[in-house]
Amino acid sequence: MTRPVLYSFRRCPYAMRARLALLASETPCVLREVRLAAKPAAMLRASPKGTVPVLVLPDGRVMAESLEIMDWALARHDPQHWLPGTRRDLIARNDGPFKYHLDRYKYATRYQSDALRHRAEALHILHELEAVLHSGPFLHGARPGMTDAAIAPFVRQFVATDPDWFATCPLPCVQGWLEAFVTTPLFGRVMERVAPWREGDAPVLLG
């Protein structure tokens, strides 16, 4: 059976959420881990913009946006009911303002930005998530869903920038939510280490 091929990078939050949806949808998939400093020619032929994730389907179609991959996978098969009730508004807030401030906090030297100002702006958005999480342990409700999978990798990156400081923030619901999500068996499978792919390597299956 010919399987879709996913070009990914383990630590990229966009690639993380694509892998999460592919696993949650039980989509058989070949994983090709990418070294960003030496992107494989096969990936660049499929998607010249050179960012991950890139999903190449058996019929030759290419998806190079993480949300497109998530929607495709879960529309194909959604045994955990991730799609119903997806909070597109929260995902858009994450992908827009939160990601903007996250980058300028985490990579302040690269952007020549005021890290603490951008941290404060990102924290304001996390307080909005805190309010949502008062009604349930996950953004999806009682169980994780697409909203959680789309947002958690970015919040995880924010926290990792200064975990000691984040632990002092008055965000008990966000802190509990993130811990619960990243300790799920699914997230553990998504974060398994895979050697960078090279042309001619034997196929490695996702998860």
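Since every read-out is calculated from the coordinates, none of them should be taken as a lab result. Keep in mind it's a predicted model, so treat the numbers as computed, not measured. When we count neighbours, we look across all protein chains shown, and the Cβ atoms used for this are built from the backbone with ideal geometry, even at glycine.
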Through the Karplus equation 6.51 cos²θ - 1.76 cosθ + 1.60, θ set to phi - 60°, convert the phi angles of the stretch 69-85 into ³J(HN,Hα) values in whole Hz; use x for Gly and Pro. 5, 4, 4, 4, 5, 6, 5, 5, 6, 9, x, 9, 6, 6, 6, x, x
What number, in percent, do you get for the relative contact order of the chain if the mean sequence gap of Cα pairs under 8 Å and at least 6 apart is divided by its residue count? 27
If one compares the long axis through the Cα atoms of helix 13-24 with the longest principal axis of the Cα atoms of the chain, the angle in degrees, nearest 10, works out at 70
Taking P(r) over Cα pairs in 5 Å bins from 0, in percent straight from the coordinates, which label in (i) 1, 7, 15, 19, 19, 16, 12, 7, 3, 1, 0; (ii) 1, 6, 11, 13, 10, 8, 7, 6, 6, 7, 7, 6, 4, 4, 2, 1, 0, 0, 0; (iii) 1, 7, 16, 21, 22, 18, 10, 4, 1, 0, 0 is the correct one? (i)
Return the FRET efficiency for the residue pair residue 156, residue 205: r is the Cβ-Cβ distance, R0 is 25 Å, and the value is rounded to the nearest 0.05. 0.55
PRE reach from residue 38 (point 7 Å along Cα→Cβ): which of the stretch 188-207 fall under 18 Å by backbone N? 194-202
Between the Cα axis of helix 115-133 and the main Cα principal axis of the chain, the angle (0 to 90°, nearest 10) is 90
How big is the charge dipole of the stretch 88-187 about its Cα centre, in debye rounded to the nearest 20, if each Lys and Arg gets +1 on its Cβ and each Asp and Glu gets -1 on its Cβ? 220
Give the aspartates and glutamates reachable from residue 99 as a straight Cα distance under 19 Å; neighbours fewer than 8 places away on the same chain don't count. 65, 68, 89, 114, 121, 128, 130, 148, 162
Once Lys and Arg are counted +1 and Asp and Glu -1 for all other residues with Cβ under 10 Å from that of residue 190, the total becomes +3
